[in-house]
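Some notes on the structure that comes next.
The values are calculated or read from the model by the stated rules, or taken from the named source; none is laboratory data. This is a predicted model, so every value here is computed, not measured. Every residue, glycine among them, receives a Cβ derived from its backbone with ideal geometry; neighbour counts consider all protein chains shown.
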Amino acid sequence: MHTILKKYKPRIDERVKELGKVLEMHGLPWAKDASTRLPTFIKKGKGVRSALLLGTIEVLSENDVSDDDISLASALEYLHSALLIHDDLIDHDELRRGEPSAHKQYEAIAKQQGYGSPKAYGQSIALCLGDVAIFSAYLFLSRLSYDPSTKDQLLQTISKEFLTVGYGEMDDIELTYEKTTPSIHRVMTMYRYKTARYTFSLPFLLACIITHQDKTVRRTLELLGEDLGVIFQLTDDMLTLVGNQDVVGKTVGNDIEENKKTLYAVLLQERVNDADKRTLQTLFGKKSLTRQDLDTILELMDRYNIRASLQEIINDIVKTTQSKIAMTPSPTFFEEILTFLLSREK
């Protein structure tokens, strides 16, 4: 995984920048802002989805990726950026990729300019920027020169998967505001549709379409992508709780402040005694958590063996993942992705 990230990230960043210039075509005042802010934002990301797409195309076809493949991967990064910008608004997250989130950047601009209601201004402009990222991605996709059948399959697959992400996000929001504790199955289902599929299954499926794989290979990689994506989300949950904020690039503890129904939160609620449950009730949803607050949660997680249980869940998924990897056309490639996920620090 590190190899394909290193190989393709510079090419993606360059194409993203080139495509960004297209956004200036109307000469409108905000076009200049979007055409520079979005490529800059994308460049600061890891480029996991685009690298997975290009790496999978390469191993399935045993050929170099095409110019169209690079543009397709870059459009995915624009769509991913839109989700992040909107997600930060939903979760009131003030940090993304080591810098203020888009809405906080615009809020700062509003303060500098002396505008009224800087917070509302920042949120509104960031919402529009996310919309621009979506619309621009589809503009880029419309310009691809694959044969008509391939292009149609690509567009339909992308659209369906991002609709799924939208529904997954809505489910995540409902879980956050519900007062009851959801089942483990429901949380895992939300993970699968909000994050896992578009992060892994989608790049794999697009690569299968481009390289004309049969239905068996497509289905194997689709299901493999779901497993890898759930592992990705479970490790991400822990990184946003115990990781180094400067390395992770996101606000550590924000899931707790927003009372997110992460899997570790659900396991805690199921296991703690009444006294500890009252402690959790004072911490989950509390704004501006202190280091002591986070340490209290970590201590409870250790007392009730939550981290060990999470690792057991991950281990079970790894076993099914490895069986799927054995059925792929390139087991070594997909095994390297799994290894990367299990050792990631950001």
Q: Would you mind telling me which numbered condition in (1) in contact with an Asp or Glu (Cβ under 9 Å, 6 or more places away or on another chain); (2) free of Cβ contacts under 8 Å to residues at least 40 places away in the same chain; (3) not polar (S, T, N, Q) Pro29 fails?
A: (1)
Q.
I'd like the full set of residues that are in contact (Cβ under 8 Å) with a residue 60 or more places away in the chain and either part of a loop (DSSP other than H, G, I, E, B) or farther than 21 Å from Val16 by Cβ (or both), limited to the stretch 75-95.
A. Ile90, Asp91, His92, Asp93, Glu94, Leu95
**Q.** Close pairs (8 angstrom Cβ cut-off, 6 or more residues apart or separate chains): over 15 Å from Ile337 (Cβ atoms) in the stretch 198-222, in a loop (DSSP other than H, G, I, E, B) anywhere
**A.** Ile210/Tyr146; Gln213/Pro329; Val217/Thr328; Val217/Pro329
Q: Assess whether Met238 counts as being at pLDDT 90 or above and in contact with a helix residue (DSSP H, G or I) (Cβ under 9 Å, 6 or more places away or on another chain).
A: no
**Q.** Looking only at the stretch 109-157, and only at residues there that are β-branched (Val, Ile, Thr) and over 17 Å from Leu205 (Cβ atoms), the one that is surrounded by the fewest Cβ atoms within 10 Å (Cβ to Cβ)
**A.** Ile109
Q | Wholly enclosed helices (runs of 4 or more DSSP H) of the stretch 96-195 bearing at least 2 residues in the same structural domain as Thr235 (by TED's automatic domain parsing) | A | 148-177, 184-191
Q. So which residues in the stretch 282-298 are in a helix (DSSP H, G or I) and either β-branched (Val, Ile, Thr) or surrounded by 12 or more Cβ atoms within 10 Å (Cβ to Cβ) (or both), if there are any at all?
A. Thr282, Leu283, Asp293, Leu294, Thr296, Ile297, Leu298
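Residue-wise test of (1) over 23 Å from Leu175 (Cβ atoms); (2) β-branched (Val, Ile, Thr); (3) in contact (Cβ under 8 Å) with a residue 24 or more places away in the chain; (4) not assigned by TED's automatic domain parsing to the domain that holds Leu228.
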| position | (1), (2), (3), (4) |
| --- | --- |
| Leu283 | no, no, yes, no |
| Gln292 | yes, no, no, no |
| Asp302 | yes, no, no, no |
| Ser309 | no, no, yes, no |
| Lys319 | yes, no, no, no |
| Gln322 | yes, no, no, no |
| Phe334 | yes, no, yes, no |
(Q) Quick check on Ala31: is it more than 25 Å from the chain's Cα centre (by Cα) and among the hydrophobic types (A, V, I, L, M, F, W, C)? (A) yes
Q) What is the one condition in (1) closer than 25 Å to Ile158 by Cβ; (2) buried (at least 21 other Cβ atoms within 10 Å of the Cβ); (3) over 15 Å from the mean Cα position of the chain (by Cα) that Ser66 does not satisfy? A) (2)
Q | Subset tally (residues that are of a type in the set (D, E, K, R) and crowded, with 21+ Cβ neighbours inside 10 Å) for the stretch 3-36 | A | 1
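Would it be correct to say that Thr40 is modelled with pLDDT of 95 or more and among the β-branched types (Val, Ile, Thr)?
yes
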Q. Out of all the residues in the stretch 196-208, is one or more under 22 Å from the mean Cα position of the chain (by Cα), surrounded by fewer than 20 Cβ atoms within 10 Å (Cβ to Cβ) and modelled with pLDDT of 95 or more?
A. no
